[in-house]
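The values are calculated or read from the model by the stated rules, or taken from the named source; none is laboratory data. Because the structure is a prediction, the values reported are computed rather than measured. As a convention, Cβ positions derive from the backbone with ideal geometry for all residues, glycine included, and neighbour counts pool all protein chains shown. Surface accessibility is based on the protein's heavy atoms, side chains included, excluding ligands, DNA and RNA. Shrake-Rupley method; radii C 1.70, N 1.55, O 1.52, S 1.80 Å.
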Amino acid sequence: MQQLMDEGKVKYVGKNSAPDYELIEAAKPDLVLITTGTTHGKEETTMKFDEMGIKWIGHASHREMDPRGRLEWVKLAGALFDKEDEAEEFFEAQLDKIEEIEKKAKEISERENFASTFLSGDVYYVRNKGDYEVKMFELAGGEYIMPELNPEEDGNTKMNAEELYKGIEDTDILFYNNLNGPSIQSISDLVSNAEYFADIRAVKEKRVWGYKPHYYQSADKVADIIEDLYTIFTTPHGEITETEYFFLMD
């Protein structure tokens, strides 16, 4: 994206929650795609587009509770660009791949547990059991360490340090979302931001995985991400230090 901006092919027009309406109006877009259902895509933004006479479509794949539902949003792209058949073919191929991985994962005799979290300010965000990302990890062979955490809800739950530690102290593998909050690229970064992390099993055993920068730009590669996770869950610790979408923090 940065390269496209440097080349003048993409222009920054502000955040979803605070767009530069003058720039957008001057561009005379045929259509605006906006992420909705979060603080980054508030109702007043879309109401303003309505007032300006600008057509918009809300994108909410992040609100799906199953990664296959998230993947299905590729059909929207197909409809927008007159590629419905190609989108359907791609979707079905990804479903087939996910099914194959799920079958292999079911043969894992002893599943390791995992946690997914990130820090923002003094608040920790922990994935709800009902979120699509937790489902991805489970399809890949992991066992969520907090199965009672809002199984009917997507998104995250806010926790303080004590609540988080109590929930993930015995985590086998910790997935720390370093794409959100402060820049955390290593275990030392993690511990310097929260000393008690040093007592978590996954941290002690150096089994903390971070997210590579293109993770969120790969919503159409759900099957590939699940395959990466399957590799992490089934490969003996220390034999790999990175996959296409994740890296082992040192």
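Values as computed for the structure displayed
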| item | result |
| --- | --- |
| Among residues of the range 198-240, those that are open to solvent by 50 Å² or more (accessible area, probe 1.4 Å), over 25 Å from Pro67 (Cα atoms) and free of Cβ contacts under 8 Å to residues at least 40 places away in the same chain, counted | 8 |
| Options Leu229, Leu248: the member that is touching a Ser or Thr at 6+ places or on another chain (Cβ under 7 Å) and within 21 Å of Gly142 (Cα to Cα) | Leu248 |
| Restricting the range 1-36 to residues that are under 23 Å from Tyr215 (Cα atoms), more than 23 Å from the chain's Cα centre (by Cα) and open to solvent by less than 60 Å² (accessible area, probe 1.4 Å), the residue that is modelled with the lowest pLDDT | Val10 |
| Filter result (under 11 Å from Gln94 (Cα atoms) and not aliphatic (A, V, I, L, M)) within the range 68-82 | Arg68, Glu72 |
| Output for the range 103-119, where each listed residue is of a type outside the set (A, V, I, L, M) and either touching a strand residue (DSSP E or B) at 6+ places or on another chain (Cβ under 9 Å) or buried (at least 22 other Cβ atoms within 10 Å of the Cβ) (or both) | Arg111, Glu112, Asn113, Phe114, Ser116, Thr117, Phe118 |
| Count of residues meeting criterion [assigned to a helix (DSSP H, G or I), among the charged types (D, E, K, R), more than 24 Å from the chain's Cα centre (by Cα) and modelled with pLDDT of 85 or more] in the range 37-80 | 3 |
| Only one of Ala140, Ala161 that is under 18 Å from Arg70 (Cα atoms) and over 14 Å from the mean Cα position of the chain (by Cα) | Ala140 |
